[in-house]
Amino acid sequence: MRFVRNRAEGRWLPSRHHFALFRLAAYLRLRAAKPEPQPGLMLAVTRDQSMGENYGFAIWFLLSNAAFLAPYLPLPLPLAFVVAVPLVALLLQFPCFLMGAVVMPLLTRNFLRNNQRMNMTVLLVISTTLAASHVRQLSFAGVVAWQFFGLIVLNAVAAVILFLLRDDIERLEQALSSAV
Amino acid sequence: MFWRHFLRWAVFNVPIPLESIILAFWSGLFMFWHSGRRGIMANLSAVLPHSWAITNFFRAYRVFWNFACTLNDNARFKDLRIVPDWEFVGDFDALQGHPGGAVMLTAHMGSYDLGAHLFTEIAGRQLVMVRAPESDPRTREFEESHRGQLREGVKVGFSTRASDLALDLLHAIDSGELVAIQGDRVTPGIATIPATMFGVRTAIPAGPFALAMAARVPIFPLFIVRRGHRRYQLVTAPAIMVVRRSRNRDADLAAAAEDWVRQLEDVIRGSWHQWFAFEPFSEELPR
């Protein structure tokens, strides 16, 4: 396990982020950051440590899917959107239950470590399918679908840029963090 | 028991980027737990005396949310070794550098399990955690079976066997170990010291103070406070010395307990959303 000790700018380490878009943004922020000594600080270098990324992604995912679901509800659109938010929070758990309790145990015996990645993929595929059903419409859900696909494409572009920058990123991270 | 298994199962199945949605959803469901919600609201009416009941209703949600996040972080640490970020606030060096044994007094805040394991990892000290046992034997068995996966630096003692445990703890302190005890809640059957917290009468456990007095060691108040997504503060307050000054032992213990209560009040007042007390802490509070 690697940690950044006593250096607050370590929060911008790309390895502390999950998605390529956020990793790239963190890398650019880290390049521009000045040293911020903070005695007593210990930052873990593991994915998903960023509060902005986790909450930002969760809210984006929830609201986008609520927008995709809302037109199918028999309610006026603004009200349907409000109802769809908690409904999506409930519904997105079912693929996790189904995959974790039924599908993955049938596929492999050593499934626990891969479940999260598999479930994330399944949820993104469902969201993409929902988005695709709206993308040709000139509607609220259609606009949300366009931004959904736009961000997925941007994330893919960011992944390519990160691949090209991998040596520089590695050097920056090694300089700031140490193994414990 | 079901919930423990469910949480562990969820840790392996819920993708981390989406966990906050699911935690927010389940925290909302816990608002239907009437006695727990009422307990939090009663405590908040004492901690924040001029607050409105309706505001405390929504604050109760924040307490449940923080509790859910803490349980989740703890489970992810135990099962997947995902470590959160830490900030050490206060005189942590005094505790870390203290030669010999000592008592660490803590509260039901943040993730004390996580804090204990981090502490042993950093300080390289043996730690004995004293806690109330799970009432359900199957839950206790589950907890003990999963404790085996953790570092060997942490041992757990249960506060029901008060007389046996006192000797074990004295021995541990004599051997240079640190004993961590939660001092904000009493369980039935243990000795207590009357105290006044947030202006209402309550009782706190007498054991930590009696132990420190018998072993002639300081008490280090230590609080684990969640400060955001996978981020915790380990707050160390000034040490409390339990000194025998008079022939009245109870008065000497009460003086030390008073110091502890003042420090506890300071921390809870600033981090009320982290105090996981789901029952009113005083008989004087509405139930």
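A short reminder: the numbers here are calculations on the coordinates, not readings from a lab. Note that the structure is predicted; figures quoted are calculated from it, not measured. All Cβ positions, even for glycine, are placed from backbone atoms using ideal geometry, and neighbour counts span all protein chains on display.
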Out of the stretch B:187-231, which trypsin sites (Lys or Arg not before Pro) are coil in DSSP terms and have no more than 16 other C-beta atoms within 10 Å? B:216
Mean projected area (nm²) from the convex hull of Cα positions in the stretch A:50-103 is 4.7 nm²
Within the P(r) computed for the stretch A:13-59, what percentage of the Cα pairs occupies the region above 13 Å? 59 percent
Along the Cα-to-C-beta direction of residue A:8, a point sits 7 Å from the Cα; which residues of the stretch A:49-81 have their amide N less than 20 Å from that point? A:49-53
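Residue B:191 to residue B:2: extension gain in nm, 0.36 nm per residue of separation minus the Cα-Cα distance?
Once the chain is fully extended between residue B:191 and residue B:2, it gains 64.8 nm.
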So if I take the centroid of the Cα atoms in the stretch B:1-40 and the same for the stretch A:11-69, what is the distance between those two points in Å? 24 Å
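Would you please name the trypsin sites (Lys or Arg not before Pro) within the stretch B:1-88 that are DSSP coil residues with at most 14 other C-beta atoms within 10 Å of their C-beta? Intermediate values should be presented prior to the final figure.
Values: sites: B:4, B:8, B:37, B:38, B:59, B:62, B:76, B:78, B:81; in loops: B:81.
The qualifying sites are B:81.
Give the longest segment of chain B that steers clear of GluC sites (Glu not before Pro) in DSSP loops with at most 16 neighbouring Cβ atoms within 10 Å, not counting the sites themselves.
Working: sites that count: B:134, B:152, B:283, B:284.
Longest stretch, sites excluded: B:1-133.
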Mind checking the angle between helix A:51-69 and chain A's longest principal axis? C-alpha axes, 0 to 90 degrees, to the nearest 10. 10 degrees
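What is the diffusion coefficient of the protein assembly as shown in µm²/s, taking the Kirkwood radius over Cα pairs and the Stokes-Einstein relation at 4 °C with a viscosity of 1.567 mPa s?
Working: Rh = 24.6 Å.
Rounded, D is 53 µm²/s.
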Percent of alpha carbon pairs in chain B separated by more than 29 Å? 33 percent
Can you tell me the FRET efficiency between residue A:167 and residue B:166 if r is taken as the Cβ-Cβ distance and R0 is 51 Å, rounded to the nearest 0.05? 0.30
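What fraction, in whole percent, of alpha-carbon pairs in the stretch B:38-132 exceed 16 Å separation?
Values: 2955 of 4465 pairs.
For the stretch B:38-132, the fraction of Cα-Cα distances above 16 Å is 66 percent.
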Residue with peak Gaussian network fluctuation, chain A [Cα springs, cutoff 10 Å], from A:106, A:164, A:151: A:106
Compactness of chain A - radius of gyration and Dmax, Cα, Å: 19.5, 57
In chain B, once you exclude exposed chymotrypsin sites (Phe, Trp or Tyr not before Pro) (DSSP loop, at most 16 other Cβ within 10 angstrom), what's the longest stretch remaining? B:53-287
